[in-house]
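**Student:** Questions regarding the structure given below will be posed in turn.
The values are calculated or read from the model by the stated rules, or taken from the named source; none is laboratory data. On a predicted model such as this, the values are computed, not experimentally measured, just so you know. Note: ideal-geometry Cβ built from the backbone for every residue, glycine included; neighbour counts use all protein chains shown. For the accessible areas, the whole protein counts, side chains as well, though only heavy atoms, and no ligand, DNA or RNA atoms are used. Shrake-Rupley method; radii C 1.70, N 1.55, O 1.52, S 1.80 Å.
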Amino acid sequence: MSELSFEQMLEESLKTIRTGEIVTGKVIDVKDDEIVLNIGYKSDGIIPRSEYTNESNVDLRTLVQVGDEMEAKVVKVNDGEGQVALSYKRLAADKGNKRLEEAFENHEVLTAKVAQVLDGGLSVVVEEARVFIPASLVSDTYEKDLTKYAGQEIEFVITEFNPKRRRVIGDRKQLMVAKKAEMQKALFERIHVGDTVEGVVKNVTDFGAFIDLGGADGLLHISEMSWGRVENPKKVFKTGDKVTALIKDISGEKIALSLKFPEQNPWANADEKYAVGNVVTGRVARMTDFGAFVELEPGVDALLHVSQISREHVEKPADVLSIGQEVEAKVVDFNGEDRKISLSIKALQAPVHTEDADVADVDIDAVAADAE
């Protein structure tokens with residue numbers, strides 16, 4: 001029986017390794033771009049920077065010290081230079097996949113930072129294992145631009161787990177839907193018609209603004225934005241504005257809001273301020289062929305009929321008046337129930353002849369019906 005050489009005996013005393021195996025070794029050298037491990041094999045193991053971290057410019061000497069003990073995964077038993085190619089990152093990814101599998105089976109909610117914003121969604125990393133969240137599952141509303149999520153920590157659940165096909169899908173949308181359902185339920189149990197609520201403007205349209213009340217949106221219609229006239233909601237509100245509003249109506253899941261608080265109703269004491277015979281000042285708000293509507297204060301408009309503009313003949317209001325012009329007139333009729341006021345400038349002008357002194361009788365109801 002032949003005797004074994006020292007080298008043969010040494011080689012047999014060393015362990016054997018296989019591709020894909022997990023090995024433990026001690027760091028014997030660290031360069032800026034690679035780590036050298038003594039893994040108890042005839043050759044040392046090498047972990048290049050790309051197999052340790054996703055950061056391309058990091059100096060490994062700031063992360064690992066000589067003497068550290070660490071685990072790694074065998075990528076190649078011989079990397080072509082007689083050394084063992086190792087990966088710390090792939091081992092971490094394997095552990096991460098195991099973590100994801102457990103989360104998938106247990107329907108666990110995970111939290112991770114967004115690593116990349118892709119064309120079709122977001123990529124997040126859990127213990128070096130990647131999860132893809134499609135754009136359609138990022139939010140419960142359509143979002144064209146996902147860049148705002150870059151670097152953010154988000155919650156999600158794993159809805160599909162197939163690491164062999166590298167298909168691990170996350171879903172953030174269902175968590176948002178479930179959370180909003182809980183908030184909506186709590187909101188509707190709490191609010192009632194007549195309550196004052198606080199919210200944030202979510203969207204502004206030509207007909208009103210949608211206010212996020214924390215669980216459901218309320219509609220603040222343009223007609224309910226002020227006791228006065230609002231021509232364009234977008235000139236009054238912008239997204240993100242905080243609003244305190246009155247709940248006017250609740251119908252199913254629809255909430256109607258109003259900023260017409262009863263205590264601010266300008267018609268509450270209008271019968272005193274605008275009693276027949278009072279002289280008032282206002283601004284021309286709009287005009288028609290039959291007269292001009294004068295805003296006495298926000299929410300209180302009065303009709304200045306064309307026949308009451310002057311003792312001289314006026315063909316149409318626009319011939320002598322302009323929008324925004326301030327005018328002084330006398331109240332000649334007040335109807336608080338129908339919220340109608342009639343004015344006359346002619347009544348303040350000195351009559352040229354005695355027969356002109358009488359104020360013409362204006363049929364307010366008929367004129368108002370024409371205005372409507």
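**Student:** Suppose we keep just the alpha-carbon trace of segment 238-296; what are its Rg and Dmax in angstrom?
**Tutor:** Both quantities, over Cα of segment 238-296: 17.4, 49 Å.
**Student:** Going down the table (LYS95/LYS144; LYS144/LYS260; LYS148/LYS234; LYS98/LYS173; LYS148/LYS238), which pairs top 28 Å between alpha carbons? Provide the component values of the computation, followed by the final result.
**Tutor:** Working: LYS95/LYS144 34 Å; LYS144/LYS260 36 Å; LYS148/LYS234 25 Å; LYS98/LYS173 24 Å; LYS148/LYS238 20 Å.
Over 28 Å Cα-Cα: LYS95/LYS144; LYS144/LYS260.
**Student:** Still on this structure: Considering only GLY80, GLY120, GLY151, give the residue with the highest GNM mean-square fluctuation for the chain, with springs between Cα atoms whenever their separation is below 10 Å.
**Tutor:** GLY80
**Student:** Normalising by the residue count of the chain, find the relative contact order in percent from Cα pairs under 8 Å and 6+ residues apart.
**Tutor:** Working: 720 pairs, mean separation 28.6, N = 372.
Computed value for the chain: 8 percent relative contact order.
**Student:** Which parts of segment 307-333 would a label at GLN349 reach, counting a residue when its backbone N lies under 11 Å from a point 7 Å out along Cα-to-Cβ?
**Tutor:** Counting backbone N atoms under 11 Å from the label point, the list is 307-315, 320.
**Student:** How many Å² of accessible area per residue for segment 132-203, probe 1.4 Å? Before the final figure, lay out the partial values.
**Tutor:** On the way: 4810 Å² over 72 residues.
Value returned for segment 132-203: 67 Å² of accessible area per residue.
**Student:** Follow-up question, since we're still on this one. Taking 7 Å along the Cα-to-C-beta vector as the label spot, tell me the VAL320-LYS340 distance in nanometres, rounded to one decimal.
**Tutor:** Label at VAL320, label at LYS340, 2.3 nm between them.
**Student:** Percent antiparallel among DSSP beta bridges with both residues in segment 22-122, to the nearest 5?
**Tutor:** Taking every DSSP beta bridge with both residues in segment 22-122, the antiparallel ones total about 90 percent.
**Student:** Count the DSSP beta bridges whose two residues both fall in the chain, then state the antiparallel fraction as a percent rounded to the nearest 5. Walk me through the numbers before you get to the answer.
**Tutor:** Values: 74 of 82 bridges.
So the antiparallel bridges in the chain amount to around 90 percent.
**Student:** Hey, another quick one. Dipole of segment 253-295, Cα-centred, from +1 at each Lys and Arg C-beta and -1 at each Asp and Glu C-beta, to the nearest 20 debye?
**Tutor:** Dipole of segment 253-295, to the nearest 20 debye: 120 debye.
**Student:** Hey, if you put +1 on the Cβ of every Lys and Arg and -1 on every Asp and Glu Cβ in the chain, which of ALA178, SER251, VAL331 ends up farthest toward the positive end of that dipole?
**Tutor:** Looking along the dipole axis, the top candidate is ALA178.
**Student:** Here is a follow-up. Among the helices of the chain (complete DSSP H runs), which have Cα atoms covering no less than 15 Å along the helix axis and a Kyte-Doolittle mean of at least 0.0?
**Tutor:** Passing helices, by number: none.
**Student:** Would you mind telling me which residue in ILE154, ILE255, ILE133 has the biggest mean-square fluctuation in a Gaussian network model of the chain, where springs connect alpha carbons within a distance under 10 angstrom?
**Tutor:** ILE154
**Student:** Here's a follow-up. At a 1.4 Å probe, what is the % contribution of carbon and sulfur to the accessible area of segment 204-305?
**Tutor:** Details: 2560 of 5210 Å².
C and S fraction of accessible area: 49 percent.
**Student:** About the Cα centre of segment 59-173, how large is the charge dipole given +1 on each Lys and Arg Cβ and -1 on each Asp and Glu Cβ? Please answer in debye to the nearest 20.
**Tutor:** Rounded to the nearest 20 debye, it is 340 debye.
**Student:** Next up: Quick one: Cα centre-to-centre distance for segment 149-194 and segment 52-92, in angstrom?
**Tutor:** 37
**Student:** Something else: Which residues does the label zone of LYS98 cover in segment 20-54, counting backbone N under 16 Å from a point 7 Å along Cα→Cβ?
**Tutor:** 20-24
**Student:** Here is a further query. Kindly list the residues of segment 37-71 that lie in the label zone of THR19, defined by a backbone N under 17 Å from the point 7 Å along the Cα-to-C-beta vector.
**Tutor:** What the label zone holds, given the 17 Å backbone N cut-off, is 46.
**Student:** Can I ask one more? Of LYS180/LYS235; LYS185/LYS242; LYS235/LYS316; LYS180/LYS248, which ones are farther than 25 Å apart at the Cα? Walk me through the numbers before you get to the answer.
**Tutor:** Numbers: LYS180/LYS235 30 Å; LYS185/LYS242 22 Å; LYS235/LYS316 31 Å; LYS180/LYS248 23 Å.
Listed pairs above 25 Å: LYS180/LYS235; LYS235/LYS316.
**Student:** While we're here: Who wins for biggest fluctuation among MET70, MET225, MET176 in a Gaussian network model of the chain, springs between alpha carbons below 10 Å?
**Tutor:** Maximum among the listed residues: MET70.
**Student:** Same structure, new question: How large is the direction-averaged shadow of the alpha-carbon convex hull of segment 102-244, in nm²? Kindly include the intermediate steps, with their values, before the conclusion.
**Tutor:** Values: hull surface 43.5 nm².
One quarter of the hull surface, i.e. the mean projection, equals 10.9 nm².
**Student:** Taking a cut-off of 41 Å, what percent of all Cα-Cα pairs in the chain are separated by more than that? Don't skip to the end; give the middle numbers.
**Tutor:** On the way: 35007 of 69006 pairs.
So the pairs more than 41 Å apart make up 51 percent of the total in the chain.
**Student:** What is the gain in length, in nm to one decimal, between SER226 and ASN54 on full extension, counting 0.36 nm per residue of separation less the C-alpha to C-alpha distance? Let's see the in-between values first.
**Tutor:** Values: separation 172, 0.36 × 172 = 61.92 nm, distance 5.62 nm.
Answer, rounded to one decimal: 56.3 nm.
**Student:** Return the calculated 222 nm mean residue ellipticity for the chain, to the nearest 500 deg cm²/dmol, obtained by summing -39500 (n - 2.57) across DSSP H runs with n ≥ 4 and dividing by the residue count. Please list the in-between numbers first.
**Tutor:** Working: 5 runs with 57 residues, N = 372.
One gets -4500 deg cm²/dmol as the mean residue ellipticity at 222 nm.
**Student:** May I pose another question? Considering only C-alpha atoms, what is the centroid distance from segment 100-146 to segment 221-295, in Å?
**Tutor:** For segment 100-146 versus segment 221-295, the Cα centre distance is 47 Å.
**Student:** Treating only the Cβ of Lys, Arg, Asp and Glu as charged (+1, +1, -1, -1), what charge dipole size does the chain show about its Cα centre? Round to the nearest 20 debye.
**Tutor:** On the way: 46 positive and 68 negative charges, 257 e Å.
Using Cβ point charges on Lys, Arg, Asp and Glu, the chain gives about 1240 debye.
**Student:** May I ask you to compute the full-extension gain from GLN116 to ASN203, defined as 0.36 nm times their residue separation minus their alpha-carbon distance, rounded to one decimal in nm?
**Tutor:** On the way: separation 87, 0.36 × 87 = 31.32 nm, distance 2.86 nm.
Computed gain between GLN116 and ASN203 is 28.5 nm.
**Student:** For SER139 and GLU312, compute 0.36 nm times the residue count separating them, minus their Cα-Cα distance, and round to one decimal in nm. Show your work: numbers first, answer last.
**Tutor:** Working: separation 173, 0.36 × 173 = 62.28 nm, distance 6.66 nm.
Extending this stretch completely gives an extra 55.6 nm.
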